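Chemist: Can you read through this structure? Questions will come right after.
The values are calculated or read from the model by the stated rules, or taken from the named source; none is laboratory data. Computed from a prediction, not measured in an experiment: that's the story for all the values here. We place every Cβ from the backbone using ideal geometry, glycine too, and count neighbours over all the protein chains shown. Heavy atoms of the whole protein, side chains included, go into the accessibility calculation; ligands, DNA and RNA do not. Shrake-Rupley method; radii C 1.70, N 1.55, O 1.52, S 1.80 Å.
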Amino acid sequence: TLFRSCVLWCSLNNRAVKDVMPEVTISDAVIKREHTLRYLGLMFDRSLSGKDHITRVVAKARKVLTTVKMLAYAKMPQRVLVILFQTLVISVVEYGRGLLTLLDTQLKRLGIIQNEGMRTMLGCTKDTSAEAMRYLLDFPTMRERHRIAQVIPKSNADP
């Protein structure tokens, strides 16, 4: 029987991630060890940081955002641009994100994508505040989107 399998040792302990892990065998066959694993469109790495996943998501979202920008340049109505942006870009950004623990730097990378999209839809310049654009479009921040995806209540300590 042919089957494709691999093993990924994960840990939130940075020292354990760097350690050599024992081989895993099934029926005396050694299972290949990977440093990243793609499963259902999500990229998992040994430290569960989500860094590789966010890199893939940003690249994919940028490609689709280019299409939205071209449609905005062609004078597509704003309401259509908003629907396309949410459907084609934000859906890519949000897929599976509730499963990941993301750092501020990763959320910032995703926020840049959202800010570019909002600028495109509203026809704003780079000096327009992201807060004002989010207010006009009723968009949450990437931190809020992530919190919603993880179903974590907002604490009073968050800015």
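Chemist: Run the 1.4 Å probe and let me know the accessible area of VAL57, rounded to the nearest 10 Å².
Modeler: The accessible area comes out at roughly 10 Å².
Chemist: Something else: Please work out how much accessible surface ILE112 shows to a 1.4 Å probe, ignoring ligands, DNA and RNA, in Å² rounded to 10.
Modeler: Around 70 Å² of this residue is reachable by solvent.
Chemist: Now for a separate question. Return the loop-located GluC sites (Glu not before Pro) in region 1-105 (DSSP other than H, G, I, E, B) with at most 13 other Cβ atoms within 10 Å of their own Cβ; answer none if there are none. Write out the running numbers ahead of the final one.
Modeler: Numbers: sites: GLU23, GLU34, GLU94; in loops: GLU23, GLU34.
Counting only loop positions with at most 13 other Cβ atoms within 10 Å, the GluC sites (Glu not before Pro) in region 1-105 are GLU23.
Chemist: Longest segment of the chain with no chymotrypsin sites (Phe, Trp or Tyr not before Pro) in a DSSP loop having at most 15 other Cβ atoms within 10 Å? Walk me through the numbers on the way to the answer.
Modeler: On the way: sites that count: PHE3, TRP9.
Counting only loop sites that pass the neighbour cut-off, the longest clear stretch is 10-159.
Chemist: Would you calculate, for the chain, the mean residue ellipticity at 222 nm contributed by helices, counting each DSSP H stretch of 4 or more residues as -39,500 (n - 2.57) and dividing by all residues, to the nearest 500?
Modeler: Counting only the DSSP helices, I get -14000 deg cm²/dmol.
Chemist: In Å², what does the accessible area per residue of region 1-125 work out to with a 1.4 Å probe?
Modeler: Ligands and nucleic acids excluded, the figure is 66 Å² per residue.
Chemist: Which distance in nm do the two modelled labels at HIS35 and LYS108 give, with both placed 7 Å along the Cα-to-Cβ direction?
Modeler: 2.4 nm
Chemist: What residues have an amide H closer than 5 Å to that of VAL7, excluding those fewer than 5 places away on the same chain, when H is modeled at 1.01 Å from N in the peptide plane?
Modeler: HN-HN under 5 Å from VAL7: LYS32, ARG33, GLU34.
Chemist: With every protein chain left in place, what is the accessible area of THR105 in Å² (1.4 Å probe, nearest 10)?
Modeler: Solvent-accessible area, nearest 10 Å²: 90 Å².
Chemist: Counting other C-beta atoms within 10 Å, and keeping those with at most 14, which DSSP coil trypsin sites (Lys or Arg not before Pro) do you find in region 65-145?
Modeler: In loop regions of region 65-145 (DSSP not H, G, I, E or B), the sparsely surrounded trypsin sites (Lys or Arg not before Pro) are LYS75, LYS126.
Chemist: Given a 1.4 angstrom probe, I'd like the percentage of the accessible area of the chain that is carbon and sulfur, rounded to a whole number. Numbers along the way, then the final one.
Modeler: Working: 6240 of 10870 Å².
Of the solvent-accessible surface of the chain, carbon and sulfur hold 57 percent.
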